[in-house]
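Reviewing the structure listed below.
The values are calculated or read from the model by the stated rules, or taken from the named source; none is laboratory data. Everything numeric in this text was worked out from a predicted model, so none of it was measured. Every residue, glycine as well, gets a Cβ built from its backbone with ideal geometry; the counts of neighbours run over all protein chains shown. All accessible areas refer to the heavy atoms of the entire protein, side chains included, with ligands and DNA or RNA removed. Shrake-Rupley method; radii C 1.70, N 1.55, O 1.52, S 1.80 Å.
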Amino acid sequence: MDTAELFPPIDLDWQNKSRKRYAAAVLGGDADRIPVDPMMLSHSTVACGHTIRDFYEKPKLGAHCLAYIQQLYDLLPVTKYYFAHPWMPELGIRLKFMDYTPPVPENVVVVEPEDVDLLEVPDSEEIKKGFTFTRLTEAYDYIREKLPQMFVPISPCPEPEGSGAGLAGLEQFLMWTITDMDLALKLVRKYTDTAVSGAEALAKRYGMALLTTGSVLANSDIMPPETIDKVAADNLEYLVKSAFTRGAGPQVFYHFCGNHENDYHLFINKIIYSPLTIVHMGYKGREVFPAGELKEAFGDKATIMPSVDTKRFIVPNPRAIYDEAARQIQDGRDSPKGFILGTTCEVPPFSPPGNLLALVRAAKDHGTYGTW
Amino acid sequence: MEYVFSDAVKEVLGKRGLKEDDIKAVIDYAEGSNDKITDGAKNIAKKEIGDLTVYAVYAVDGGNAVVESGYAHKMKVLDIVLDSSDAEGWTYAKNGAQVRKGHANLTYMGATRSGPALVEPTSGEAWFEEYLAASALAAAEGLFEAKRA
């Protein structure tokens, strides 16, 4: 059976309403309430009766499940199909599909320092033959054909420093950040240039490519601020400017995952804010990053996306989610360039639906425009 | 002043819907007013022409203005929202001040958003570079138009 035959049609009245809601948060204008984006990936396939593995192994199915479940919970008007470790197979990493997690790398490709120089960055033509481009375009071509109103091409590079580290193995990379920073930076730059080739190829195919990037490994629990400044902040500026130069953008989604208590300030003046930029910050210490502080730091430059703690989504306590969401909304909803309610990271695949509905309920109760 | 447009530059201008006369007008204005930024060899100047802000990238060689590129955006440049201490090697010819990397607000179809720019805080002036204006800003303008439709 063709994938599209598994699903009833999307409710276009819903989609249009959701589209206006999202546009209002990013571009200004009128809408009913703030939008909610729990960064859903494989929860969508699980919620449709499939598996986590299916999301990654079957891009068309994953993309259609995303669209369908966005509608169920009244979330985003677009599919946001992407996956972890993009562009790493193009540099020699083998990804293994797993039953209960995203695909995981099986090998490293940099063992000795000299191996960094041997890595060959593919250009935008060469990268079209690789794992990442073929899987992303399988999903995006499908969405463009079957669900055109929900189509948005994404060029993922979620953690340039973490993916660079993955080429050599985490321990070795972290050691290099102490003993040979230039080598660590060269490795990250090789990965980043590969991701830029990918962004260029996607932009050429679709006319644009939303950049999703940020910093995950480089966080306050793992690295000192001076290291994060070099391996993450400086490199993000390079990534986005290079990708724009080669046709990607104009949308940028910055996902700063993990604890950024001691380093978030490094990014404020270094990252590039396009007119369509969303900044998301996970934690400050062990707590969610406060919406009020996110607004103060980034609110005059970009749409902010404060969060509810992802850990709460596996606990059968939707009230706790509702209460935390309400606090975050109240503290950040008047951010001058818009507010989206999020979660600190990808919503867990086996989250009870009641927990996701609590997010949306809080957005309705505390995020309705004109009531504050 | 004589204007030199290579065939490659003419092709780029044509693809962007710009006329050679637009670029000449920008250069005429910049050379007459000193309202341009320069790195000593290359100049970037801008001028509002109709609904567009048109930019010329050019060098002055004797009596010739050698045009390297031209581009434009529909978004109106507003105030500077962020400036870094990083110098980019550019100087604002009008006041001699160093130009910095930064961000400026842009407004279009009732919405105000930021974009990366070269900025000079004393004068409040900002210039958007070709890498941004030619693709990302143009695409953003299209999305603004579509989402507000």
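Structure summary
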{"item": "Test result for B:GLU125, under 26 Å from B:LEU13 (Cβ atoms), more than 17 Å from the chain's Cα centre (by Cα) and more than 10 Å from every other protein chain (Cβ to nearest Cβ)", "result": "no"}
{"item": "Looking only at region B:57-70, and only at residues there that are free of Cβ contacts under 8 Å to residues at least 60 places away in the same chain and open to solvent by 10 Å² or more (accessible area, probe 1.4 Å), the one that is farthest from B:SER6 (Cα to Cα)", "result": "B:GLY62"}
{"item": "Flag for B:GLU120 being open to solvent by less than 10 Å² (accessible area, probe 1.4 Å) and not aliphatic (A, V, I, L, M)", "result": "yes"}
{"item": "Residue match in region B:80-88 (condition: closer than 27 Å to A:ASP234 by Cβ, modelled with pLDDT of 95 or more and surrounded by fewer than 22 Cβ atoms within 10 Å (Cβ to Cβ))", "result": "yes"}
{"item": "Index of the failed condition, B:VAL54 passing every other in (1) over 30 Å from A:GLY28 (Cα atoms); (2) out of contact with any Ser or Thr (no Cβ under 9 Å at 6 or more places or on another chain); (3) surrounded by 19 or more Cβ atoms within 10 Å (Cβ to Cβ)", "result": "(1)"}
{"item": "Qualifying residue in region A:213-223 (condition: charged (D, E, K, R) and surrounded by fewer than 18 Cβ atoms within 10 Å (Cβ to Cβ))", "result": "yes"}
{"item": "Pair list, Cβ under 7 Å, 6 or more apart: region A:133-155 residue closer than 21 Å to A:ARG19 by Cβ and among the β-branched types (Val, Ile, Thr), other residue assigned to a strand (DSSP E or B) and open to solvent by 10 Å² or more (accessible area, probe 1.4 Å)", "result": "A:VAL152/A:LEU210; A:ILE154/A:LEU210"}
{"item": "Some residue of region A:289-296 being in a loop (DSSP other than H, G, I, E, B), of a type in the set (Asp, Glu) and open to solvent by 10 Å² or more (accessible area, probe 1.4 Å)", "result": "no"}
{"item": "Residues that are open to solvent by less than 10 Å² (accessible area, probe 1.4 Å) and in a helix (DSSP H, G or I), drawn from region A:298-323", "result": "A:PHE298, A:PHE313, A:ILE321"}
{"item": "Residues of region A:26-35 classified as open to solvent by less than 10 Å² (accessible area, probe 1.4 Å) and either away from chain B (no Cβ under 11 Å) or part of a loop (DSSP other than H, G, I, E, B) (or both), total", "result": "3"}
{"item": "Yes/no for A:THR137 being more than 19 Å from A:LEU167 (Cα to Cα), surrounded by fewer than 21 Cβ atoms within 10 Å (Cβ to Cβ) and either at pLDDT below 95 or out of contact with any helix residue (DSSP H, G or I) (no Cβ under 6 Å at 6 or more places or on another chain) (or both)", "result": "yes"}
{"item": "Selected residue [of a type in the set (Asp, Glu) and surrounded by fewer than 18 Cβ atoms within 10 Å (Cβ to Cβ)] from A:GLU226, A:GLU161", "result": "A:GLU226"}
{"item": "Residue within region A:36-56 that is assigned to a helix (DSSP H, G or I), more than 17 Å from the chain's Cα centre (by Cα), polar (S, T, N, Q) and crowded, with 23+ Cβ neighbours inside 10 Å present", "result": "yes"}
{"item": "All positions within region A:150-196 that are more than 27 Å from A:TYR140 (Cα to Cα) and under 16 Å from the mean Cα position of the chain (by Cα)", "result": "none"}
{"item": "Residue list for region A:267-295, restricted to those being over 19 Å from A:ASP234 (Cβ atoms) and either within 14 Å of another protein chain (Cβ to nearest Cβ) or basic (Lys, Arg) (or both)", "result": "A:PRO275, A:LEU276, A:ILE278, A:LYS284, A:ARG286, A:LYS295"}
{"item": "Filter result for A:GLY299 (under 14 Å from A:PRO35 (Cβ atoms) and touching a Lys or Arg at 6+ places or on another chain (Cβ under 7 Å))", "result": "no"}
{"item": "Those residues of region A:62-82 which are open to solvent by 10 Å² or more (accessible area, probe 1.4 Å) and not in a helix (DSSP H, G or I), in sequence order", "result": "A:ASP74, A:VAL78, A:LYS80, A:TYR82"}
{"item": "Meets criteria (modelled with pLDDT of 95 or more and over 16 Å from the mean Cα position of the chain (by Cα)) for A:LEU6", "result": "yes"}
{"item": "Qualifying residue in region A:334-348 (condition: small (Gly, Ala, Ser), surrounded by fewer than 24 Cβ atoms within 10 Å (Cβ to Cβ) and either modelled with pLDDT under 95 or outside any loop (DSSP other than H, G, I, E, B) (or both))", "result": "no"}
{"item": "Failed condition for A:MET98, given (1) in contact (Cβ under 8 Å) with a residue 12 or more places away in the chain; (2) assigned to a helix (DSSP H, G or I); (3) more than 14 Å from chain B (Cβ to nearest Cβ)", "result": "(2)"}
{"item": "Filter pass, A:ALA195 being part of a loop (DSSP other than H, G, I, E, B) and surrounded by 24 or more Cβ atoms within 10 Å (Cβ to Cβ)", "result": "no"}
{"item": "Residue ID - farthest from the other protein chains (Cβ to nearest Cβ), chosen from residues in region A:231-263 that are in contact with a helix residue (DSSP H, G or I) (Cβ under 6 Å, 6 or more places away or on another chain), open to solvent by 10 Å² or more (accessible area, probe 1.4 Å) and of a type outside the set (Val, Ile, Thr)", "result": "A:ASN262"}
